[in-house]
Structure formats: C-alpha cells, structure tokens
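Since the structure comes first, as structure tokens, the remarks are kept for the end.
The values are calculated or read from the model by the stated rules, or taken from the named source; none is laboratory data. Here the structure is a predicted model, which is why all the values come from computation and not from measurement. Don't worry about glycine lacking a Cβ; one is built from the backbone with ideal geometry, like all the others, and counts go over all protein chains shown.
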Amino acid sequence: MTELLYYPDNEYQKEFDAKVQKKKESKGYITLNQTLFYKEGGGQPTDKGKITWNDKEASVEKVKRKQEKIRHYIEGDFPEPDQEIHGEVDWDRRYKHMRMHTAQHVISWIVLNMYDASTAGNQIHEDYSRIDFEPAEFDEKDVEKIENGANSLIEKGLKVEKKEMERELVEEQMTEGRTNLDLIPDHVDPLRVVEIGGEDICPCGGTHVQNLDEIGEINIIERKSKGSNVERLKFELEEA
C-alpha cells in the first residue's frame with residue numbers, strides 16, 4: 001500500500017522523500033512506499049514532476065492507482081527497488097488544479113442551491129474546466145446568475161477544510177443531491193470530504209485550496225446542452 005502524503009489536508013507540500021518498492025521498466029512505472037503525487041481520478045488529472053537519486057533523474061509523467069498501489073510512470077533513468085529517492089511536484093500544475101477543483105465545488109454548490117440540479121460529471125484542466133448538471137435547462141440569464149452567485153461566494157473568503165469523516169455522518173450532513181454516495185464502495189469509511197464555509201460538504205479525493213479567495217474570479221465561457229435535461233458549463237479562472 002502506498003501512503004498518500006497529501007491526505008487529508010497536505011496539498012501545499014511540494015517535495016518529499018520515499019523508497020522504491022517495485023520497478024517495472026518494461027511497463028514504464030515504479031511504485032513507492034509513499035508519495036505526494038496526486039493520481040488521476042474524480043475528474044482531476046494526475047500530478048507531474050520529477051524524482052532524483054544520487055546523480056540520476058526521471059520525470060514523472062503520469063500517476064495512476066492500481067488496487068492499493070500507486071504507479072508512477074516515469075521517463076529517464078529507472079531507480080532500483082529499495083532506492084531512496086527525492087520527489088518534487090510540478091507546483092504550477094498542481095496549484096492550477098487545486099484552484100480549478102475548488103471552483104468546481106463552488107459552482108456545483110451554487111447550481112444545486114439555485115436550481116436543484118446535481119453534478120453529473122466534471123473534468124478539471126489547467127486552463128479551463130467543465131461541469132455537467134442534471135436535471136437542468138439553463139439559458140443565458142441563468143448562466144449569468146450562476147456566475148455572479150459563485151463569485152459572490154468566493155468574495156466571502158470562506159475557509160476550505162479537508163478532513164476525514166465517518167460515512168454515516170456524511171450521509172446525515174450532506175445536502176441531498178450533492179453527490180451520489182452509491183458510487184463510493186461501502187467499505188470506504190471514513191470518507192475524505194471537502195467542506196466549504198462549514199456548509200457545503202462533499203466527499204472528494206482531489207486537491208483543493210485552503211480558502212476561496214485563492215480561486216480568483218470565475219468566468220463561465222460556454223453553455224452547451226448534452227441531451228435531455230443535461231447542461232454543460234465550461235469555465236475559466238482569472239488570477240486571484
């Protein structure tokens with residue numbers, strides 16, 4: 001099992017030390033006993049960065065979970081098992097994803113409260129992101145209302161707390177329609193949740209900022225119908 005050093009609330013650490021557990025050069029990956037690199041999942045792309053040891057170096061291009069192990073797909077030299085390595089996360093990429101992912105939570109919260117529409121899917125990118133909502137039929141006035149509501153919430157500078165919570169408590173406290181807990185296996189307990197301002201609670205394994213004022217201004221740049229009662233919003237962020 002690989003220990004996730006960024007859990008539950010350590011996204012701002014940029015460097016770490018670890019030991020190689022497995023080398024699979026033919027498939028392009030290694031596993032470590034612990035890592036700061038975020039593995040892709042939940043609509044958020046993988047972290048990137050590099051690892052170094054002795055006088056050697058490899059770039060980390062992709063990180064994926066395989067059962068309880070985290071595979072680091074690397075390019076360059078390959079360290080041997082039991083080798084101590086030093087890892088560095090590409091902070092610019094990580095921080096963009098953190099801001100985007102928390103912004104997605106803000107928009108999802110606003111849309112649920114205003115239109116009783118749930119988040120059906122999302123995809124985070126560095127420069128833009130998108131969210132699908134259902135049931136929903138937005139027009140341009142709705143989009144403006146959502147954007148203004150999200151930015152008004154950001155201006156409050158609410159604290160973003162990441163923590164573990166017993167599944168039963170999450171079920172009791174989470175707003176109905178916020179997410180589908182049935183998609184998370186029953187044996188996963190406690191759940192890692194992201195809580196904004198002591199109100200919005202949502203299970204999430206992604207990386208997030210500590211305060212909404214780090215996000216910057218949200219600009220919704222596209223609305224698209226994705227079928228019966230499904231609307232997609234695409235957004236960008238201005239610098240905070």
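Exactly one residue among 84, 137, 88 is out of contact with any helix residue (DSSP H, G or I) (no Cβ under 8 Å at 6 or more places or on another chain) and within 15 Å of residue 223 (Cβ to Cβ), and that residue is 137. One residue stands out among those in the stretch 33-49 that are touching a residue at least 40 places away in the same chain (Cβ under 8 Å) and in contact with a Ser or Thr (Cβ under 9 Å, 6 or more places away or on another chain): the one that is surrounded by the fewest Cβ atoms within 10 Å (Cβ to Cβ), which is 48.
Within the stretch 2-17, the set of residues being closer than 22 Å to residue 202 by Cα and either among the β-branched types (Val, Ile, Thr) or not in a loop (DSSP other than H, G, I, E, B) (or both) comprises just one member, 4. Of all the numbered requirements in (1) touching a residue at least 12 places away in the same chain (Cβ under 8 Å); (2) more than 17 Å from residue 110 (Cβ to Cβ); (3) not hydroxyl-bearing (Ser, Thr, Tyr), residue 185 misses one, and that requirement is (1).
Residues are listed down the side, and each one gets a yes or a no for (1) over 22 Å from the mean Cα position of the chain (by Cα); (2) loosely packed, with under 12 Cβ neighbours inside 10 Å; (3) among the acidic types (Asp, Glu); (4) farther than 16 Å from residue 199 by Cα:
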position	(1), (2), (3), (4)
142	yes, no, yes, yes
164	no, no, yes, no
168	yes, yes, yes, yes
173	no, no, no, no
180	no, yes, no, yes
187	no, yes, no, yes
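I want to confirm something. Restricting to the stretch 60-75 and keeping residues that are loosely packed, with under 14 Cβ neighbours inside 10 Å and assigned to a strand (DSSP E or B), which single residue is modelled with the highest pLDDT? Filtering the stretch 60-75 for residues that are loosely packed, with under 14 Cβ neighbours inside 10 Å and assigned to a strand (DSSP E or B), the one modelled with the highest pLDDT comes out as 75. Among the residues of the stretch 33-54, those identified as in a loop (DSSP other than H, G, I, E, B) and under 16 Å from residue 19 (Cα atoms) are 33, 36, 37, 54.
Matching residues to (1) under 28 Å from residue 17 (Cα atoms); (2) surrounded by 23 or more Cβ atoms within 10 Å (Cβ to Cβ):
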residue	(1), (2)
88	yes, no
93	yes, no
104	no, yes
121	no, no
126	yes, no
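Beta carbons closer than 7 Å, at least 6 apart along the sequence or on distinct chains, pair a first residue in the stretch 78-96 that is in the same structural domain as residue 16 (by TED's automatic domain parsing) with a second that is of a type outside the set (Phe, Trp, Tyr) and part of a helix (DSSP H, G or I) for 78/25.
Within the stretch 128-137, being surrounded by fewer than 21 Cβ atoms within 10 Å (Cβ to Cβ), closer than 24 Å to residue 99 by Cβ and not charged (D, E, K, R) holds for one residue alone: 128. On the basis of being closer than 18 Å to residue 114 by Cβ, outside the structural domain of residue 13 (by TED's automatic domain parsing) and of a type outside the set (Asp, Glu), does residue 212 make the cut? So residue 212 passes the test. Close Cβ contacts (under 7 Å, 6 or more residues apart or on different chains) running from residues in the stretch 210-225 that are within 14 Å of residue 132 (Cα to Cα) to residues that are surrounded by 15 or more Cβ atoms within 10 Å (Cβ to Cβ) and of a type in the set (Val, Ile, Thr) comprise 220/143; 220/146; 223/143. Do we have any residue at all in the stretch 230-239 that's out of contact with any Ser or Thr (no Cβ under 7 Å at 6 or more places or on another chain) and at pLDDT below 95? The answer is yes; a qualifying residue exists. Against the conditions (1) free of Cβ contacts under 8 Å to residues at least 60 places away in the same chain; (2) of a type outside the set (A, V, I, L, M, F, W, C); (3) surrounded by 13 or more Cβ atoms within 10 Å (Cβ to Cβ); (4) farther than 21 Å from residue 117 by Cα, residue 203 satisfies every one except (4).
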